[in-house]
Amino acid sequence: MNEFQANRRKLLGAAAGLTALAAPAAHGAPATDADWERIAQSYDVASDFINLENGYYGVMARPVAEEFKRNIDYLNRYSSFHLRRQFDNEGMEQIRAQLALHTGVAADELAITRGATESLQNLICNYRLLKRGDTIMYCNLDYDAMQYAMNDLARRHDAKLALVRIPEPVSRQAAIDVYEQAMRRHPRTRLLLLTHINHRTGFVLPVAEIVKIAKARGVDVIVDVAQSWGQLDYKLPDLGADFVGANLHKWVGAPLGTGFLYIRKERLGAIGVERGDEDYAATDIRSRVHSGTVNSAALMTIPAALKLHADIGVANRGGRLRALRDHWVRQVRDLPNIEVLTPDDAGSYGAVTSFRVRGHTTPEANAALVNRLLERYGIFTVMRRGPVGGACIRVTPGLYTRTADLDKLVTALRDVAGG
Ligand SMILES: Cc1ncc(COP(=O)(O)O)c(C=O)c1O
């Protein structure tokens with residue numbers, strides 16, 4: 001059997017493994033500290049600094065990174081022959097089928113993209129149901145590129161923009177209330193963007209509840225799950241939204257340049273084809289994405305990432321990440337000069353949590369503190385702007401983070417905030 005045939009068998013093997021992936025038995029529970037230490041050791045990360053900026057992208061675990069390297073080599077040897085005869089159709093279809101099992105929707109409601117930005121830009125920019133004078137709505141915590149896309153949509157359709165401001169401090173009910181009030185104040189709202197876990201504070205928006213309110217008012221909802229997909233334990237239908245954009249290179253741990261969009265079958269007509277695509281029929285969701293020649297080795301690695309992800313189990317992963325987050329937040333929440341922006345209520349947070357030193361509200365002050373944390377303590381974080389109370393610093397552990405690393409952050413925060 002030559003290498004090409006072996007790879008084909010791998011593709012067929014992946015197809016055969018689809019049902020196994022869906023079975024709960026595949027979700028072995030790493031319960032002990034020793035299990036988590038073993039998992040932490042499966043990430044080859046630099047040890048000369050403490051990386052608490054895992055909201056940017058999710059480092060691949062070693063088995064996924066090795067599969068990615070094998071795929072780069074294989075693709076380089078078989079190049080267009082592999083892409084035309086194995087991957088572009090069969091391989092991509094198998095990935096859609098696997099994603100369907102993971103997401104709980106049909107494969108023909110999913111299209112593969114290069115990440116959440118492409119997914120969401122395509123959904124927002126090609127939204128077809130706006131009429132002149134309609135309102136479209138987003139909030140101050142949504143991702144910048146999606147805010148830009150909403151602004152652009154409003155300009156092109158002569159629509160009004162309504163900005164929701166998420167209060168600080170926030171709670172699930174407070175968030176529901178501000179959206180409900182905003183939709184009442186703007187009765188011509190037609191389209192709403194929601195971000196499940198925003199990248200500024202990490203607050204988990206009660207999406208399903210807000211979608212229900214929106215739908216009752218005839219408002220369509222596009223949900224950005226870039227930070228929640230692979231981290232929170234849910235299936236796409238749980239959100240109730242008809243349009244969702246995700247990536248796989250954050251919390252699923254696939255290579256960079258991987259994602260997908262979802263459009264509920266009955267709603268495909270609400271989103272136009274991407275830049276006049278004619279490769280697929282307008283009734284085929286794949287016409288909503290036209291990426292051109294992409295990093296196929298990254299896409300070819302999606303099955304390995306999904307498998308590892310399912311083997312650990314999304315509930316286990318999410319639980320572990322929340323426990324790591326709690327480990328540092330519990331120790332600093334009551335320090336007099338530290339404001340933790342992300343609430344502790346169950347269901348309101350995941351791995352991402354932000355803080356600011358009281359009174360330090362400018363981006364410059366927070367960027368300076370990020371530098372100080374790195375230079376003096378070897379701890380890498382990131383400044384975020386956008387919350388109503390001012391800029392902040394985002395802290396995001398990953399599955400390779402040790403509690404000792406978080407204790408160092410706590411010591412540093414006590415030091416810089418004088419607590
Ligand atoms: C909330 C949110 N939305 C969208 C994106 C964009 O995702 P991607 O980098 O996959 O395009 C990010 C990335 O950080 C994000 O945090």
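The values are calculated or read from the model by the stated rules, or taken from the named source; none is laboratory data. As the structure is a prediction and not an experimental result, all values here were calculated from the model. Note that we place each Cβ from the backbone using ideal geometry, even for glycine, and neighbour counts take in every protein chain shown.
Per-residue answers, yes or no, for (1) within 16 Å of the ligand (Cβ to nearest atom); (2) in the same structural domain as GLY202 (by TED's automatic domain parsing); (3) within 19 Å of the chain's Cα centre (by Cα); (4) among the aromatic types (Phe, Trp, Tyr):
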position: LEU101; (1), (2), (3), (4): no, yes, yes, no
position: GLU109; (1), (2), (3), (4): no, yes, yes, no
position: SER119; (1), (2), (3), (4): yes, yes, yes, no
position: ASN126; (1), (2), (3), (4): no, yes, no, no
position: ASP142; (1), (2), (3), (4): yes, yes, yes, no
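Taking region 218-264 as the region of interest, the strands (runs of 3 or more DSSP E) fully inside it that hold 1 or more residues being closer than 22 Å to ARG394 by Cα, touching a residue at least 40 places away in the same chain (Cβ under 8 Å) and not basic (Lys, Arg) are 220-224, 243-247. Checked against (1) at pLDDT 95 or above; (2) in contact with a Lys or Arg (Cβ under 9 Å, 6 or more places away or on another chain); (3) more than 16 Å from the ligand (Cβ to nearest atom); (4) part of a loop (DSSP other than H, G, I, E, B), GLY55 passes all but condition (3). Being over 25 Å from MET60 (Cα atoms) and of a type outside the set (Val, Ile, Thr) holds for only one residue in ALA281, ALA323, ALA315, and it is ALA281. In region 148-175, the residues that are under 29 Å from ARG356 (Cα atoms) reach residues that are of a type in the set (Ser, Thr, Tyr) and in a strand (DSSP E or B) with C-beta atoms within less than 6 angstrom, at least six apart or across chains, in these pairs: MET150/TYR138; ALA162/THR135. Looking across region 329-343, just one residue is touching a helix residue (DSSP H, G or I) at 6+ places or on another chain (Cβ under 7 Å) and without any contact (Cβ under 8 Å) to a residue 24 or more places away in the chain, and that is VAL340.
For TYR78, are the conditions met, namely being surrounded by 14 or more Cβ atoms within 10 Å (Cβ to Cβ) and more than 16 Å from the ligand (Cβ to nearest atom)? The answer is yes for TYR78.
When only residues in region 167-208 that are in contact with an Asp or Glu (Cβ under 6 Å, 6 or more places away or on another chain) and in a strand (DSSP E or B) count, which is nearest to LEU153 (Cα to Cα)? Looking at the filtered set, the residue picked out is LEU191.
Within region 402-415, can one find any residue that is on the phi > 0 side of the Ramachandran plot and of a type outside the set (S, T, N, Q)? So far as region 402-415 goes, no, none of its residues is on the phi > 0 side of the Ramachandran plot and of a type outside the set (S, T, N, Q). Assess whether ILE222 counts as being crowded, with 24+ Cβ neighbours inside 10 Å and either at pLDDT below 95 or away from the ligand (no atom under 14 Å from the Cβ) (or both). So ILE222 does not fit the description; no.
None of ILE302, ILE271, ILE263 is among the aliphatic types (A, V, I, L, M), under 26 Å from HIS199 (Cα atoms), surrounded by 19 or more Cβ atoms within 10 Å (Cβ to Cβ) and within 16 Å of the ligand (Cβ to nearest atom) except ILE302.
Results for (1) within 20 Å of GLY115 (Cα to Cα); (2) in contact with a Cys (Cβ under 8 Å, 6 or more places away or on another chain), shown as yes or no for each residue.
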residue: GLU180; (1), (2): no, no
residue: PRO187; (1), (2): no, no
residue: ARG190; (1), (2): no, no
residue: ARG200; (1), (2): yes, yes
residue: VAL211; (1), (2): no, no
residue: SER228; (1), (2): yes, no
residue: LYS235; (1), (2): yes, no
residue: ASP242; (1), (2): yes, no
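Taking region 233-252 as the range and being within 13 Å of the ligand (Cβ to nearest atom) and either among the polar types (S, T, N, Q) or farther than 17 Å from TYR127 by Cβ (or both) as the test, the residues that pass are ALA246, ASN247, LEU248, HIS249, LYS250, TRP251, VAL252.
Being crowded, with 16+ Cβ neighbours inside 10 Å and either over 18 Å from ASP144 (Cβ atoms) or of a type in the set (Phe, Trp, Tyr) (or both) is the filter here; which residues of region 381-401 pass it?
THR381, VAL395, PRO397, GLY398, LEU399, TYR400, THR401
Scoring LEU153 on the criteria (1) within 16 Å of the ligand (Cβ to nearest atom); (2) touching a Phe, Trp or Tyr at 6+ places or on another chain (Cβ under 9 Å) leaves a single failure, condition (1).
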